[in-house]
Structures are given as C-alpha cells and as structure tokens.
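Asks: The following block contains the structure, expressed as structure tokens.
Values quoted throughout were computed directly from the atomic coordinates according to the rules given, and no laboratory measurement underlies them. On a predicted model such as this, the values are computed, not experimentally measured, just so you know. Neighbour counts run over all protein chains shown; Cβ positions are idealised from the backbone, glycine included.
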Amino acid sequence: MSKNGYLVFKRCMDVIASLLFLIAASPLLLILVILIRLDSKGAVIFRQSRVGKGGKIFRIYKFRTMKIDAPKHIATKDLQDPYKYITRMGMFLRKTSIDELPQLFNVLKGDMSIIGPRPLIEKESKIHLLRYKAGVYDLRPGITGWAQINGRDDIEDEEKVMYDREYAERLSFSFDVKIFFGSIIVVFKRDGYKEGKHR
C-alpha cells in the first residue's frame with residue numbers, strides 16, 4: 001500500500017476506533033466527569049492551543065488535571081513545581097494517561113490521529129523548528145507516538161524529533177500497531193513519566 005493510500009485507510013480506522021471506544025467507554029467517562037467535578041473547582045474539560053498538521057493551530061481536549069490557578073500556556077514539563085498545581089484526581093489521570101481520552105473527539109474532528117507525533121504548545125519554538133525541518137508537520141499529530149514509547153519525558157527535543165522523523169519515514173499499519181501496544185506497556189510500567197523540570 002502506498003503512503004497516501006495508507007493515510008486514507010488510517011483516517012478511516014481512526015474514526016471507527018474512536019467511535020467504538022467512546023461508545024463502549026461512555027459509562028467510565030461519565031464517572032470520571034463526576035469525580036473531576038467533585039475533586040476541584042473548574043471545568044471538566046481542559047482546552048489548549050496546540051500545533052497540528054501543516055502548523056495549523058487547533059484546540060486540544062483533555063480531562064482537566066490542574067487547579068484553576070495553574071499557568072495556562074506553559075508545558076507542564078517546564079514548571080518548576082508542577083505538583084502544587086496538579087489536583088488529587090489529576091495525579092491519577094496523568095499517571096495512567098486517562099486524561100488524554102477526550103482527544104478521541106479531536107480524532108473524530110480530524111485534528112488528530114490515534115497514532116502520530118504528539119502535538120506541542122505554540123511556545124515550544126525550538127522543537128517546532130526542528131519538526132518543520134524534519135517534515136513532522138506533514139502528518140496529523142497523535143494521542144500517542146513513537147517518541148512516547150522511547151523515553152517520553154526522559155529525552156531531549158532533538159531525540160524526540162529523531163523519533164518523530166523515523167515515524168514519518170516508516171509509516172505503516174504494522175508500525176502503528178507496534179506503537180499502540182507499546183504505548184499500553186509504557187503506561188502500565190510508567191516508563192519515562194515525569195512532572196516538571198528535572199535539572
């Protein structure tokens with residue numbers, strides 16, 4: 001299958017898989033909505049501008065894990081003391097990556113794919129430049145990706161872009177399946193999970 005042909009197939013699979021999961025998981029999602037609402041003040045869904053395919057800005061959806069006074073336009077990895085902003089429920093959601101589930105609605109909208117390079121906030125200018133040069137923005141960003149199962153928060157920007165470029169070059173169904181199951185393993189083992197700056 002050609003790359004363009006696979007991208008069409010991939011989009012169809014993204015829509016079908018997202019719809020089926022959202023329907024099947026709707027009772028769990030409802031429980032999470034209630035727990036988040038009871039745990040702390042603020043909206044249940046967190047919305048933030050991210051850079052998508054072609055450098056287009058879109059609004060990403062996540063379950064809110066931070067308190068309402070948390071900085072809005074700073075990546076959590078860049079905060080000096082992120083734990084003072086993360087809610088009790090948010091800590092669980094972030095460790096298990098369940099906070100990412102609302103991004104399935106981004107997938108349905110066409111902003112994202114299930115597998116692809118993770119979308120970044122606009123202010124991360126250094127890695128954006130590296131990504132443009134590597135052709136990463138030719139693809140839809142993903143809920144999880146090759147860089148996420150090869151170090152996640154433990155690797156530097158240059159290495160993340162290396163994995164993103166490799167994903168773009170090796171794009172295929174078998175590679176996506178490998179990343180999908182690899183992501184499940186990483187979440188359970190909590191490999192590469194960090195909060196805030198570690199210097």
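Asks: Amide H to amide H under 5 Å from Thr87: which residues, 5+ apart in sequence or cross-chain, H placed 1.01 Å off N in plane?
Replies: Met66, Lys67
Asks: For Ile45, which sequence-distant residues (separation of 5 or more, or a different chain) have an amide H within less than 5 Å of its own amide H, given hydrogens modelled in the peptide plane?
Replies: Residues meeting the criterion, in which the H sits 1.01 Å from N, are Arg64.
Asks: Hey, any idea what Rg/Rh is for region 3-189, computing Rh the Kirkwood way over Cα pairs?
Replies: 0.95
Asks: Follow-up question, since we're still on this one. Bin width 10 Å, alpha-carbon pairs only: give the P(r) of region 60-168 as whole percents, running from 0 to the bin holding the largest distance.
Replies: So the P(r) values, bin by bin, are 14, 42, 37, 7.
Asks: Give me the extension gain from Thr96 to Ser174: residue separation times 0.36 nm, minus the current Cα-Cα distance, reported in nm with one decimal.
Replies: Residue separation times 0.36 nm, minus the Cα-Cα distance, leaves 25.6 nm.
Asks: Please arrange Thr87, Thr96, Thr65 by counting, for each residue, the other beta carbons lying within 10 Å of its beta carbon, fewest first.
Replies: Thr96, Thr87, Thr65
Asks: Go ahead and collect, in residue order, the members of region 138-159 whose backbone nitrogen is under 16 Å from a label point 7 Å along the Cα-Cβ direction of Arg11.
Replies: 138-142
Asks: Mind checking which of Leu129, Gly110, Ser40 is farthest towards the positive end of the chain's charge dipole, using Cβ charges of +1 (Lys, Arg) and -1 (Asp, Glu) about the Cα centre?
Replies: Going by the Cα projections, it comes out as Ser40.
Asks: Which order, highest average first, do 159-165, 173-179 follow once you tally other Cβ atoms within 10 Å for each residue and take the mean per peptide?
Replies: With the highest mean Cβ count within 10 Å placed first, the list reads 159-165, 173-179.
Asks: Taking the number of other C-beta atoms within 10 Å as the exposure measure, put Val15, Val136, Val186 in order starting with the fewest.
Replies: Val15, Val186, Val136
Asks: Here's a follow-up. So for region 3-189, averaging the separation of alpha carbon pairs under 8 Å that are six or more residues apart and normalising by length, what relative contact order in percent results?
Replies: Rounded, it is 22 percent for region 3-189.
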